[in-house]
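The values are calculated or read from the model by the stated rules, or taken from the named source; none is laboratory data. Because the structure is a prediction, the values reported are computed rather than measured. When we count neighbours, we look across all protein chains shown, and the Cβ atoms used for this are built from the backbone with ideal geometry, even at glycine.
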Amino acid sequence: MALQAAAPGPNEPRRRPAFLTRLTSGARRQAAKAQALTAGRLMTRLPVTAHADDTIVEAASVMAGQQVERLPVLDEADRLVGLVTRRDLLQVLPRPDAEIRTEVIEDVLVRTLWLPARSIDVAVVEAVVTLTGHTERRSEKEIALAMAGRIDGVVGVVDHLTHRLDDTRLRDNEPQALHGVADDWQRRM
């Protein structure tokens, strides 16, 4: 990925050779990673870790402070014994159902899909989100379900949504008017 990111795109001008350009230390590190052929040359030098006897709160604090989503767990001899993910922590550090419901409505329905707040019924019980109602496009339904499942603290999503138009299989010769704001999100999922 680093090599692809460093390569110029087909419509970009060729880059000047590195010796002609002053590079910042971050740019030099990125350039070195782009040329790496082994895991040892590509790896992060000082990994962020936790110990097996650390509390869940301590592990969550380290992850938040260091802005990492995965935390290798080491034993007393500093040997790798496992991995804690952000999702693992969220499952044991629950959020109030009302808070989750508000985030689904505001972030998923209103800000992302541009739907009225009451267009879809959102119920949350013990961190399980149930979406009930009707969307115009199937892609909007799929985006709502996928994004609701990615919200911190959500452990499951129940689908009670219907749609009028299946826009997931539009052919190239169909009118562009059928395409909507959700199309780009759908391609990324």
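List of remarks:
Yes/no matrix, rows are residues, columns are (1) outside the structural domain of D88 (by TED's automatic domain parsing); (2) charged (D, E, K, R); (3) more than 23 Å from R70 (Cα to Cα); (4) at pLDDT below 70:
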{"residue": "E12", "(1), (2), (3), (4)": "yes, yes, yes, yes"}
{"residue": "F19", "(1), (2), (3), (4)": "yes, no, yes, yes"}
{"residue": "S25", "(1), (2), (3), (4)": "yes, no, yes, yes"}
{"residue": "A31", "(1), (2), (3), (4)": "yes, no, yes, no"}
{"residue": "Q35", "(1), (2), (3), (4)": "yes, no, yes, no"}
{"residue": "A52", "(1), (2), (3), (4)": "no, no, no, no"}
{"residue": "V57", "(1), (2), (3), (4)": "no, no, no, no"}
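- The criterion of being modelled with pLDDT of 85 or more and either surrounded by 14 or more Cβ atoms within 10 Å (Cβ to Cβ) or more than 27 Å from E69 (Cβ to Cβ) (or both) holds for R138.
- With respect to (1) in a loop (DSSP other than H, G, I, E, B); (2) within 30 Å of P47 (Cβ to Cβ); (3) out of contact with any strand residue (DSSP E or B) (no Cβ under 9 Å at 6 or more places or on another chain); (4) not small (G, A, S), the lone exception for P116 is condition (2).
- So L37, is it exposed (fewer than 15 other Cβ atoms within 10 Å of the Cβ), farther than 30 Å from A123 by Cα and either among the acidic types (D, E) or touching a Pro at 6+ places or on another chain (Cβ under 7 Å) (or both): no
- Number of the exception - L89 against (1) within 27 Å of L145 (Cβ to Cβ); (2) of a type in the set (A, V, I, L, M, F, W, C); (3) loosely packed, with under 12 Cβ neighbours inside 10 Å: (3)
- Residue tally, condition without any contact (Cβ under 8 Å) to a residue 40 or more places away in the chain and not in a helix (DSSP H, G or I), over region 94-113: 1
- A Cβ distance below 8 Å, combined with a sequence gap of six or more or placement on separate chains, defines the contacts here; from region 56-79, residues that are closer than 14 Å to L90 by Cα reach residues that are among the basic types (K, R) in the pairs M63/R86; E69/R86; R70/R86.
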